[in-house]
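Take a look at the structure below.
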Amino acid sequence: MTEKSTHRRSLWRSVGRAWVNGLARTTVGSKVLRAAYEGYFESAGGHQRMFRGLYRDFAEAAADVPPGKQVGYDGDATATWHTRWRHILFPSDYPVLFWLTRLLPTTRLLFDLGGNVGNRYLAFRKYLTYPENLTWLVNDIPAVVALGPAIAEQEAAVHLQFTTDYARLGEAEILLASGVLQVLEDWNGFLHRAPNLPRHLLINRTPVGGQTNAVTLHMVGVSFIPYHIFERRSFIAAFNNVGYRLVDEWRTPESACWIPDHASHSLDSYSGFYFVLDRSGPARAGSSFLS
């Protein structure tokens, strides 16, 4: 494509956006655009990622899923769709890599919540040295976990194991939760039920920043999923309340959430966090968060 044609294409896109924005500010235009979006949302699939509405809870959001569509992630098509991302390193992975470089040498069990078929393990191993005695335990839905052992064998991923439950969470030194808390209805209940808590929490690609906690409906791949949007203060407080303190926080600009008619809960980027279990009370100046 020539520079001139590229410029022309960019110009038409800008004109188109300006026209749509102008149309949206009219009563009739906003109704037309809303109807068009609703139709597209209900029929879209493949690689599309879209959001619709705000709901009181997961049940109300699930009830608004278009008829005949898959609700939630637990299906063979969804499980297969996610395997394609297992070697891709995203920009937002680098803060997690930074902390894992420091934490992994003394880690025997990493609990990877919603880790698909070990996607982060497989993407990270080019950059990390995994201890020989490390177990990277992936927790996910049955359809994904059923694929895991075959993928691990194919990839010679000797540290990977898979589970659908939380039985070994209390043994883990690290909990990794990348892009998963938002799709769990009881999104932090597993921490309250654990007999012991992991020392380190690495949370990534999570929609945090809405004015209040809310639930939206997310369409991704072939699935329609009730989806949390978290308010930052209450999100952090939920971890403080079980004994964690915040060490680090970052933005994940490759992830965004645009919800038509709900600008206050739409996000230009998601967030990542590193929490450490505070066994000795409030943090003291000069104290080490890695001890």
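The values are calculated or read from the model by the stated rules, or taken from the named source; none is laboratory data. Note that the structure is predicted; figures quoted are calculated from it, not measured. Positions of Cβ are generated from backbone atoms using ideal geometry, with glycine treated the same way; all protein chains shown enter the neighbour counts.
When segment 215-234 is examined, which residues are found to be among the hydrophobic types (A, V, I, L, M, F, W, C) and more than 14 Å from the chain's Cα centre (by Cα)? Talk me through it step by step, then tell me what you get.
Taking segment 215-234 as the starting set, the residues that turn out to be among the hydrophobic types (A, V, I, L, M, F, W, C) are 215, 217, 219-220, 222, 224-225, 229-230.
If the condition is that a residue be among the hydrophobic types (A, V, I, L, M, F, W, C) and more than 14 Å from the chain's Cα centre (by Cα), then VAL215, LEU217, VAL222, PHE224 are the ones that fit.
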Of the residues in segment 125-145, how many are within 17 Å of TRP99 (Cα to Cα), part of a loop (DSSP other than H, G, I, E, B) and of a type outside the set (S, T, N, Q)?
7
Out of the residues in segment 91-124 meeting the condition of being surrounded by fewer than 18 Cβ atoms within 10 Å (Cβ to Cβ) and assigned to a loop (DSSP other than H, G, I, E, B), tell me which one is modelled with the highest pLDDT.
ARG108
Select, from THR163, THR135, the only residue that is out of contact with any Asp or Glu (no Cβ under 8 Å at 6 or more places or on another chain), in the same structural domain as GLN70 (by TED's automatic domain parsing) and within 20 Å of TYR73 (Cβ to Cβ).
THR163
Subset of segment 220-240 [more than 17 Å from ARG205 (Cβ to Cβ) and without any contact (Cβ under 8 Å) to a residue 40 or more places away in the chain]:
GLU231, ARG233, SER234, ALA237, ASN240
Need the failing condition index for ASN241 against (1) in contact with a helix residue (DSSP H, G or I) (Cβ under 8 Å, 6 or more places away or on another chain); (2) surrounded by fewer than 20 Cβ atoms within 10 Å (Cβ to Cβ); (3) modelled with pLDDT of 95 or more, just the number.
(1)
Only one of these conditions is not met by VAL138: (1) touching a Gly at 6+ places or on another chain (Cβ under 6 Å); (2) free of Cβ contacts under 8 Å to residues at least 24 places away in the same chain. Which number is it?
(2)
Can you tell me which condition LEU169 does not meet? The list is (1) on the phi > 0 side of the Ramachandran plot; (2) among the aliphatic types (A, V, I, L, M); (3) crowded, with 21+ Cβ neighbours inside 10 Å, and all the others hold.
(1)
Candidates VAL144, VAL138, filtered to the one that is of a type in the set (A, V, I, L, M, F, W, C) and modelled with pLDDT of 95 or more:
VAL138
I'm told VAL158 meets every condition in (1) part of a helix (DSSP H, G or I); (2) more than 18 Å from the chain's Cα centre (by Cα); (3) modelled with pLDDT of 95 or more; (4) of a type outside the set (Phe, Trp, Tyr) except one. Can you identify the failing condition by its number?
(1)
